[in-house]
């Protein structure tokens, strides 16, 4: 396929997906968010389910528009419950993929996103947790983190990308301790996932989707950790280092250029 034709195809796919994001959300989904707003007791969970449905259909539409696109999700990944899920991070699509897999999901979000009109209101109402920053005290962050234990006990998942930002060169960045501090305070198992090729569909620094993607987006389950949080030898630093090594070993095992 020639470059001009490819660019036209990329532009078409990108345009349709943005139409779904903006007008599909406003027309098809936002009325349901408003309808559920008065029900404070169930609002959070219902909003999470709406997010899940929205992004599940987003990826379904993407597959329809890009016939060469496929997804390979390891068996059992979508059945994970009551866990801290950590994953490498190579594309803006990674958190959307997580939301599409789990009806009950929360994550840690940069404080700046909470200030975005509409979007900030939605993630706040959905129970997502700020990473802290201007206007958010450490005590507020800690209070929200402490309440995550109850959420996990009801079958919800908390997914985190401990690198903190997308990798632009395919290498694994240094992991932060935040996700593992939450695991400690919640006494929750840690499920380690590894995503491949999402950056081939939507590459960092590029506005257009790649309609000529020729490799499947894979989500692998590379480890399940059930630390002895009460043990004398447990440390968050060691848990963080263990997951770092798992990510790096998987990267080395693939032996391919992830960009």
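Brief remarks follow.
- 102, 92, 151 arranged by Cβ crowding within 10 Å, fewest neighbours leading: 92, 151, 102
- Three principal axis lengths of the chain [C-alpha, angstrom, descending]: 62, 50, 36
- Likely footprinting exposure, 10, 78, 252, fewest C-beta neighbours within 10 Å first: 252, 78, 10
- R0 of 41 Å, Cβ-Cβ distance residue 234-residue 26: FRET efficiency to nearest 0.05: 0.30
- Working from label points 7 Å from Cα in the Cα-to-Cβ sense, the residue 41 to residue 56 distance is 2.5 nm.
- Here the simple spin-label model places points 7 Å from the Cα toward Cβ, and for residue 82 and residue 8 these points are separated by 5.6 nm.
- Peptides 80-88, 210-218 ordered by average Cβ neighbours within 10 Å, highest first: 80-88, 210-218
- Beta bridges per DSSP with both ends in the chain, % antiparallel, nearest 5: 35 percent
- 222 nm mean residue ellipticity, helices alone, for the chain (DSSP H n ≥ 4; -39,500 (n - 2.57); rounded to 500): -13500 deg cm²/dmol
- Only Cα pairs under 8 Å and 6+ residues apart enter the sum, and on that basis the relative contact order of the chain stands at 25 percent.
- Taking 0.36 nm per residue of separation and subtracting the current Cα-Cα distance, fully stretching the chain between residue 73 and residue 171 would add 33.1 nm.
- Here each label is just a point 7 Å from Cα along the line to Cβ, and for residue 245 and residue 110 those points are 3.2 nm apart.
Any read-out appearing in this document is the output of simple, stated calculations on the displayed coordinates, not a laboratory observation. Please read all numbers here as calculations on a predicted model, not as lab measurements. For neighbour counting, all protein chains shown are included, and Cβ atoms are generated from backbone atoms with ideal geometry for every residue, glycine included.
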